Structures are given as C-alpha cells and as structure tokens.
Amino acid sequence: MRNFARRIYIALIIIFLYAPIGTLMVLSFNASKSRAKWGGFTFKWYAELFQNDAILQALWNTLAIALLSSLIATLIGTVACIALQNMKKRNRAIVLGITNIPMLNAEIVTGISLMLLFIVLGIQFGFFTILLAHITFNIPYVILSVMPRMKQLNPSTYEAALDLGASPLQAFFKVTFPDLLPGILSGFLMAFTMSLDDFIITHFTKGPGIDTLSTKIYTEVKKGIKPEMYALSTLIFVTVLILLLLVNKTPKEKKN
Amino acid sequence: MNKKMLSLPYLFWCVAFIIIPLIMVFYYGLTDKTGAFTLENIAAIATPEHSKALWFSLLLSLISTVICLLLAYPLAMILSKMQVNQHSFIVLIFILPMWMNFLLRTIAWQTLLEKSGVINTLLDFLHLPALEIINTPYAIVLGMVYNFLPFMVLPIYNSLTKIDNNVINAARDLGADSFKTFTRIILPLSLPGVISGITMVFVPALTTFVISTLLGGSKILLIGNVIEQEFTVTNNWHLGSGLSIVLMIFIIVNMVLSLVFDKEGEGNAL
Amino acid sequence: MKKFIALGLCLVTIVSTLTGCGSSGKYPNGKVYVYNWGEYIDPATIEMFEEETGIQVIYDEYETNETMYPKVEAGASNYDVVCPSDYMIQKMVDNDMLAELNWDNLPNATANIGASYYEQSRAFDPENKYSVPYCWGTVGILYNTTMVEEPVTSWSILWDEKYADSILMQDSVRDLFMVALKELGYSMNSTDEAELQEAKELLIAQKPLVQAYVVDQVRDKMIGNEAALGVIYSGEAIYTQRENPNLAYVIPEEGTNMWIDSWVILKDAENKENAEKFIDFMCRPDIALLNFEYITYSTPNDAARELIEDEDIRNSTIAFPDLSQYDNLETFSYLGEEADTLYNELWKEIKSYTSY
C-alpha cells in the first residue's frame, strides 16, 4: 500500500513536469502555425526542419557551447570545492556568497556587464565570448551541487588511504572522487541545462552571424515561433530519452 | 599537491568574471547620468511601486520555495531508496524537461492553462469546474515551482544518497522509531542539500521576469520586471544597477544563514 | 561519468552529421553586416544579393529596438545596416550614431518607395537624410465578431465593462499610452504632464477589465478565442484572420499610430558602400515583393505592391489602408530622456496597481 502511494506520488510529479513537454510534442504535428488552433495532423515541420540550415547550425552551436562550457565549469567548480573545503569557514562563506552572485544578479545585469568587460578586453565577439560567459554562470550550479557532498565526506577515509601508502592524487581519485561523483554529475547536468536554456546573457555576448537555439527562438517571437522549433525540441527529447533507456539497460544485462 | 594552489583557478575566474562585472554594477548603481556619486538609485527601492514589487517578489518566491521543498523532499526520499544503478537515470528524468527551451515550455503552460486551454477543455469534458488561474499570481507560483523544482530535488537527493545506511540502522537498533530516525538522523544529515536547494530555487525565483510576463499577464509587477525594464526599455542602467545592489542584500542574508546552518551540520556529523 | 560522456558524444556526432560543415564560398567584393528584426526578411533574398553582387552578408537578428540599441551603441560588433523603428531612429540620430545616406547610390529606394512614406518619415528623420522605409503598419483593434456584436469604431470600447477580462492590451509603454492619449483626443507624442496623468488614470481605471498585457501573444490568444478585443499591429491582422475567420481589424476613428521600420547605416560602418548596395537591393520591386510575401507586413514599395498577384491582398484595407482617409495618424517620435522617464514612472504606477 505504501509502495503504491509512493508510485502515485512519483507519477503525479512526472506528469506535472512532462505535461508542457507533451503539449509541445503535440504542437509539433499541428498543421496550423498558431499554438492556439489545431489545424490537422502533419509531418511537414519535420521535413522543413531538416532543410533549415540556420536552425541546424544553431543546434550545433548550442550543443558545442553547452558541452564545452559545462565540462570546463565542472572542472573548475569541482577543484574549487576541494579548495573551499580546506578554507577557513568564514572565507568559505564569503567565497560561496560571491559564487551565488551570478545566479542572483538579474541575467541582464550579468549579460551587459560581461559585454562591457569583453569590449574593454578587446575580445572579438563570437563563439569564444559566449563560451566564457556560459562557463561563468555555470560554475555556481556545479559548486552548489558538489559542495553538499563535499561537506558530508568523511575526511578519515582519505587520510586512511594516505596512511596506506597512496599518493594524494591516487587517494583523491580512488577515495574522494567516487564519493563526489553523483554531485559532480548532477552539477555537470545542471550546468549543461542552464547553458542550453540561456538567452539573455548569450544575446549580449554573441557576435554577428552566430546563433544558439535560444537566441533563434527569442528572435522568432515577434513573428510567431516556427513550429519547426517544436519539432526540433521533440526530436531532441525523443533522442535523449532513447539513448537514456539504452544506456540504462546495458549494465542490467551484464548483471543478468 | 598544494591545496592552497587549487583555489587559484577559481579565484582568478571569480575576480575576472564576477568581481569586475560586479564593480561595474556598483559603479552604475552609485552614480547618476552625469557620473556624479549618488545614493538615489539605492533609495529608489523605497518608492511605493518598487517596494510593492519587491514585496510581491519576496512573497511569491518564498511561497514557491516552500512548495518546492514540500514536494521535493518526500520525492527525493522515495528516489534515494530506489536501486543504486538507476541513479543517473533518476537524475536525468528530472532534468530532461529543462532541455526543452524555457520560453517554449512557459508558452506551453499558457496553452495548458488558458480559459479555453487544454486543462479546461478536459475539465469541461468531465463536467468539472474550470481552473481559472491564468494571468493571476497563482499561475506565476505554478510557473516558478514548475521551473525550479528540479533544482530542489537534485541537491536533496544527492545528500540523501550519501547518508550511510548503517547510521540509520544503528539508530533503529538503538530503539528510535521512524519519526525519530527522520528528525534526528536523516533530516540533519540532508540539511546541506536542503540549503543548496533553497538557494537554487529562491534566488532565481526572486529575479525572474519571464514567468510573470507570460503566465501573470504582466498584471503584477515583480522586482525582476522593474530591473529588466530599466535596462531594456528605459535604458536607465543606473537605476537598474541600484535596484540590483539592493537585491544583493539577500545574498548576504543567504551567506549568514548557510554559516549558521553549517555549524549545526558539522556538530551533528561529529 | 563515462556513460554521460558517451551520451554527449553520441548527440554531438548525430548533430554534426546532420549539419555538415559550413561551406565558405568566394565573396570577392567584401562583406556587409546586417542587423535586423527576427524573421523580418525572406532568407532567399539574402542569397540572391550575395550571388548577384559577390558581397557576403553577415546577418544577425534582434527582438526589440531596446535590446538592439545597447549592443549597437557599445560597438560590440561592427554592424553596418540596422532596421530600427521610427522613434529609435530619431534617438540614434540624436546620439549621432547614423551615417547620412548617399541617395545617388540608392536609385531603387528613390524610385520605388512611395512619397507619402518619406513624408511620414519626417516625424523622426526631418530631412530624409538617414532612413529608407522597409515596412510599415498601423495599430488597431482586433475583435472577435462572435463575442462583440456592436460595431467597433472607437478606442472607448476598451473601457466597456461588458468585456471585462476579455481585453488584451499591449505590454509596452508607448503603445499602451498611445491608446489612452488617442481616446482622450491628445497627441500620442504628448509630453504634457497633465495629459499624461490623465491618461494614466484612464489606464488604471481600465486595469480591472484587462485580461492580460501582452506583446506577441495577442495573436495566439485571439486565434484561440481567449479574448474578445485586442490591441494589435496591422501586420498580424491578415495572418490572424486567415487562422480564425471570426476576427476583424479596425483602425479607431480617434486615429492611431502609423509605425515605420527603416533601413539605416551606422556612422562607424566599415562597409558603407556595400551597405547602400544592400539597402538598394532590398528596394527592388521583385525583392520587396518576396519579402512582403514572406513577412506579410505592409511594404512602402509602391512598385512591389503593383506586382502582388492576389487582388484581395493588393487592395486589402488592412495591409494598405487609404492614408488620406485618416487625418489623425501619427508616428512616434523620440521624446527625450526627461519625457521617457516620466512615461516610465507612470507606466510603473499602472503596472504596480492591484485591486488586492
């Protein structure tokens, strides 16, 4: 009975999270361009999507920036957490406070201040500036995911490894790292997600001729969002879901 | 491996991309258009419109944070008891919706919630009363909860999976009932995750403006909308920066809170 | 971790095989950097321009005049051609950001754009030195004929309590005040504080009747029968009517905003000659026709209008209202910082008003 209630609860939350996704998927088959009217079933947006070089190029930029920025942010953030753990408590609180600033500052403030900074530094606006900006706002999400696990770490296991003759690096990778891994992973995923979704900061730090999916979608708002975008979102979603199921299936088979 | 050296890359990054832009925000916030020093932009928070906007923002993001916490904690507990090799799967299930563009998802909520939207068509079909929350504060809260829930689930889930089962079993063996085990062992040990979650929900909810525009019908002015407008519509960067500085007070509050809770967390760990 | 990297790599390879590598053709005649509204041009016309002239177009898009302005002002990227709206052009002129056009290089712009549009442009570009009109339109009321039975002729219907919770207003300061100022019989470029206060009071009184303040969502909400009345740009009217035949568009008798988006060249443009070639190319009747068909906003290009095959559209009073019929159409001008601040303060008062 209790198990049943738990399942219901999870199911309800998942319905809540996926209801808008389902809506978008349905809209991707809508023959009418308007989201407010059902104009019949069609595959034409999918066909048009693959002929739209601009959207595909934006997709490529988005994924490249998201992947690179979240990897770099995860690296810097994780190292920062290790360093933070060894700081005095007061200093740590200050650095963590600073870390939260990019999250709290209205995005537009971060975006414009980064734009001014890049102008002062004389960096050519383009892929690289977007990347730097994304790394910056991704780091806090990594730190906020890794830090709680860091605090729960038992320092004696690391010391035990050292006592048993492991080098600090070995001890870190064999003992500390596996414990941190779930936090690092969810930090990486959050960073990746934030990067995929960001619009305003990208707008102010991008150069001409380079677009991400977000900047493409927002510029389409004035004339109405193209249903190709719904189609693309559906494809991304289904692809990831299938990959996810495949990846999740393999280890179980090994066990059997 | 010198541990002090480890903090250098991050500190460098902080200075270059957080502190320097921050100094610019302070520069704009503390000067007027002629470049002279002024506190006017900070004091502007006291005008009836701005303080009302701040009050609404605080209220709505607080409500959203509490709802997120109430929804997420039991969820994280259930999830943390599932099979271990499903960990990455679970994490992704909750983050996957966010891989669809934020604007698209929020617009989809409009399609769901509108007077003649999907939900109301369904309710009408079942002869149930209509759900009329679009363009009200309720819809804004719903949007915030929807958008930020994963940020609450994941840190709590993370810290719960880290709890050693032996500790819980030991408590049981020593005669603690489930309630006591929860309040004395599980809750304190998951506190760092809860704090992270609260930060990650409350802070972005405080400055959001897209949700109130799309789901609230722009009928309620939030402080995020004000700041956004000062930058994009009025082009008054000074006032926008000044109001942003005011919001930073909440970072300091957050810092103090995590300091306080940190002490407790460590006390229990010993 | 490995799983996720594998997952990421899978995605990247899938996408990269889809997109392929960008081809870098030969453009012997240099480049031109164009910054335009999103979805505001037929992409085919850009390709045609590149082919015919050998000039590479580096094309970028923005969503609002206000997000465009700081980027251009800061000089973050070296744009040559921009397409701002009326009041923004005036602001850019005031701040010495625009280059004077050499009309000798713009034969198509001189020949094909109707004289009345240059006339109207004088509101923001008094000597027609800086701008070539690209698109124009009016602002009016879109209403659902199944919900509104009486004839709609005046802005005052937006204050009718019958339509409580069924009215959509524009969520931008000048467009919102325009409605109230016109309803009161004042100029929509008013800077008189008493007039603006009066307009503010009128808009606050209207707030309980308003379903939502929206910008682009008017379109979908009206198509979906969410509201009875909405303030909308004329360029959307043809499209919304096609999706929902019960909708009708009207220009209220008190007059309204006639807006113009025009091509301008930035003062520090590095490719001014190419920029002029680009603008002139866009004024060629066949090209302007392609763009009109793609974006459906009214074109000021009289020669292109003659080429429209569909008679209903060529003679549509929505796309091409007879301007001489209205003597109270106005175009927004930039009112200066002081007036801008006043407008925004009053707007905040309206937006922060709640009945609870």
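We did not get these values from a lab; they are worked out from the coordinates using the rules stated. What you see is a predicted model; the values in this text were computed from it and never measured. A quick note on method: Cβ atoms are made from the backbone with ideal geometry, for glycine too, and the neighbour counts reach across all protein chains shown.
Per the Debye formula on identical point scatterers at the alpha carbon atoms of chain C, with no solvent, log10 I(q)/I(0) at q = 0.07, 0.12 Å⁻¹ is -0.35, -0.95. Counts of other chain beta carbons within 10 angstrom of each beta carbon in peptide A:188-196 average 5.
In plain terms, the chain from C:Ala205 to C:Glu293 could stretch by 27.6 nm, reckoned as 0.36 nm per residue minus the Cα-Cα distance.
Reducing segment A:70-106 and segment B:27-97 to their Cα centroids gives an inter-centroid distance of 18 Å. Taking amide H positions as modeled 1.01 Å from N, with prolines and chain starts lacking one, the residues under 5 Å from C:Trp263 and 5 or more places away or on another chain are C:Val132, C:Tyr134.
For segment B:48-231, relative contact order (Cα pairs under 8 Å, six or more residues apart, normalised by length) works out to 36 percent. 3J(HN,Hα) along segment A:168-182: x, 5, 4, 4, 5, 6, 8, 10, 6, 4, x, 5, 7, 3, x Hz, from the Karplus curve 6.51 cos²θ - 1.76 cosθ + 1.60 with θ = phi - 60°, whole Hz, x for Gly and Pro.
Put the Cα centre of segment C:258-288 next to the Cα centre of segment C:163-217 and the gap is 34 Å. Debye-formula intensities of segment B:17-157, expressed as log10 I(q)/I(0) at q = 0.09, 0.13, 0.21 Å⁻¹, are -0.49, -0.88, -1.21 (one equal scatterer per alpha-carbon, no solvent).
With all pairs of separate Cα atoms included, segment B:48-231 yields a Kirkwood hydrodynamic radius of 18.3 Å. Using the average count of surrounding beta-carbon atoms within 10 Å as a protection proxy, the listed peptides A:65-73, C:326-334 rank, highest first, as A:65-73, C:326-334.
A Förster radius of 30 Å, combined with the Cβ-Cβ distance separating B:Thr34 from C:Asn78, puts the computed FRET efficiency at roughly 0.55.
Taking every residue in B:237-250 and counting other chain Cβ atoms within 10 Å of its Cβ, the average works out to 3. The ranking of A:Thr62, B:Thr181 from fewest to most other beta carbons within 10 Å of each one's beta carbon is B:Thr181, A:Thr62. Over chain C, Cα pairs under 8 Å with separation of 6+ residues give a relative contact order of 27 percent. Straight-distance candidates among the aspartates and glutamates for linking to A:Lys37, with alpha-carbon spacing under 17 Å and chain neighbours fewer than 8 residues away dropped: A:Glu228, B:Glu114, C:Asp216, C:Asp220, C:Glu226, C:Glu236, C:Glu243. The mean number of partner chain beta-carbon atoms within 10 angstrom of a residue's beta-carbon across peptide A:52-65 is 3. Largest first and in whole Å, the equivalent-ellipsoid semi-axes of segment A:102-182 read 39, 15, 9, each the square root of five times a Cα gyration tensor eigenvalue. With viscosity 0.692 mPa s and temperature 37 °C, the Kirkwood radius over alpha carbon pairs of the protein assembly as shown converts through Stokes-Einstein to a diffusion coefficient of 113 µm²/s. Residue pairs exceeding 19 angstrom between C-alpha atoms, taken from B:Lys52/B:Lys115; B:Lys52/C:Lys207; A:Lys33/A:Lys222; A:Lys222/C:Lys348; C:Lys91/C:Lys267: B:Lys52/B:Lys115; A:Lys222/C:Lys348. For B:Thr31, the amide hydrogen comes within under 5 Å of the amide hydrogens of B:Thr38, counting only partners 5 or more places away or on other chains and with H modelled in the peptide plane. For segment A:59-225, what log10 I(q)/I(0) values come out of the Debye formula at q = 0.09, 0.12, 0.13 1/Å, with one point per alpha carbon and no solvent? Log10 of I(q)/I(0), two decimals: -0.37, -0.61, -0.69. Extending 7 Å from the Cα toward the beta-carbon at both A:Tyr9 and B:Ile249 defines two label points whose distance is 3.7 nm. Taking 23 Å as the limit for the C-alpha separation, the pairs A:Lys223/C:Lys200; A:Lys226/C:Lys26; C:Lys71/C:Lys272; C:Lys26/C:Lys277 exceed it in the case of A:Lys223/C:Lys200; A:Lys226/C:Lys26. Ranked by the mean number of other Cβ atoms within 10 Å of their residues, highest first, the peptides A:140-147, A:82-89, B:75-82 come out as A:140-147, B:75-82, A:82-89. When you count the other C-beta atoms within 10 angstrom of each residue and take the mean per peptide, B:163-170, C:45-52, A:184-191 line up highest first as A:184-191, C:45-52, B:163-170.
Eigen-decomposition of the gyration tensor built on the alpha-carbon atoms of segment A:16-98 gives equivalent ellipsoid semi-axes of 45, 18, 9 angstrom, largest listed first.
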